[in-house]
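The values are calculated or read from the model by the stated rules, or taken from the named source; none is laboratory data. Since this is a predicted model, take the numbers as computed values, not measurements. Positions of Cβ are generated from backbone atoms using ideal geometry, with glycine treated the same way; all protein chains shown enter the neighbour counts.
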């Protein structure tokens, strides 16, 4: 599966101890901790894993760099303060994939990269199926938005039915079925029966073709646009989230936040005009409170593309992941 399980000593190496404080990493379970008794019997609810790859965006003729988000996140997250609202004992730090040795991983030819994405799809979907079947809640950090397909396929197979999805994203990622990449995970999942209802918050009108919009409307994809919310003020941001949640929330649904959506955050398609970090956190909080939210996916952040951004990107991903956990536990 190209997966490296975390061990307890790996966690302790990244924890910074301080008198009179306790970090969540000090009580967090490592990936190897559940091997003897099985994941289903582990008391922790949340399973965090990394997908440090950038094949999907490059296969979509975009920039790489999304392979750098996982490492930026790790040490920051483990050193969050433990409180009654956020407990390390409720979290398994499972580990991360490593696809770098796959043939053609570093190719510059989209047709070869798209074959690599298919391999990644299978590995991700198999692991997510195992996690969801065990009744756990995955939190997936890093990689391209191509990994949505594996997340949804695995969840769908575990639950025995198509799954809904809400997505804060400038791009619908509903491109043609032209070989797998970061721009068509949702269209492939829909065509193959893994995606039921899909709702997008904050599409950018400049970057979604009319041909794609027409196909989305034909498939009953629900969406609001950034311009309708923030420029023309036809709808309030939180109202747009609520409408999307009404569309998807009656059945199990995944929570997607493409870091391309957040203003000035280094990513494969960084934007100077996007939602604020506070708005991104509100989106996560509102979406995660629904009992039917079954996973969190934070793709596309690429701190390696902007010198000196590693700490800030890592902290932002920590805020979003911890907001999800706290909202689910309330």
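Structure data summary
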{"read-out": "Among (1) modelled with pLDDT under 95; (2) surrounded by fewer than 24 Cβ atoms within 10 Å (Cβ to Cβ), the one test that residue 234 misses", "value": "(1)"}
{"read-out": "Any hit, segment 98-109, residues being modelled with pLDDT of 95 or more and either within 28 Å of residue 200 (Cα to Cα) or assigned to a strand (DSSP E or B) (or both)", "value": "no"}
{"read-out": "Filter pass, residue 227 being in contact with a helix residue (DSSP H, G or I) (Cβ under 9 Å, 6 or more places away or on another chain), exposed (fewer than 14 other Cβ atoms within 10 Å of the Cβ), over 20 Å from residue 297 (Cβ atoms) and touching a residue at least 12 places away in the same chain (Cβ under 8 Å)", "value": "no"}
{"read-out": "Residues (assigned to a helix (DSSP H, G or I) and surrounded by fewer than 16 Cβ atoms within 10 Å (Cβ to Cβ)) located in segment 244-270", "value": "246"}
{"read-out": "Qualifying position, being surrounded by 20 or more Cβ atoms within 10 Å (Cβ to Cβ) and either part of a strand (DSSP E or B) or in contact (Cβ under 8 Å) with a residue 40 or more places away in the chain (or both), among 156, 182, 187", "value": "182"}
{"read-out": "Counted residues, segment 17-30 - those being surrounded by 11 or more Cβ atoms within 10 Å (Cβ to Cβ) and modelled with pLDDT under 90", "value": "1"}
{"read-out": "Test: residue in segment 200-211 that is in a strand (DSSP E or B), within 21 Å of residue 301 (Cα to Cα), touching a helix residue (DSSP H, G or I) at 6+ places or on another chain (Cβ under 6 Å) and touching a residue at least 12 places away in the same chain (Cβ under 8 Å)", "value": "yes"}
{"read-out": "Whichever residue in segment 53-89 is surrounded by fewer than 18 Cβ atoms within 10 Å (Cβ to Cβ), in contact with a helix residue (DSSP H, G or I) (Cβ under 7 Å, 6 or more places away or on another chain) and not in a loop (DSSP other than H, G, I, E, B) and, among such residues, is modelled with the highest pLDDT", "value": "86"}
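Residues checked against (1) closer than 19 Å to residue 53 by Cα; (2) buried (at least 21 other Cβ atoms within 10 Å of the Cβ); (3) touching a strand residue (DSSP E or B) at 6+ places or on another chain (Cβ under 8 Å):
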| residue | (1), (2), (3) |
| --- | --- |
| 281 | no, no, no |
| 289 | no, no, no |
| 298 | yes, yes, yes |
| 313 | yes, yes, yes |
| 322 | no, no, yes |
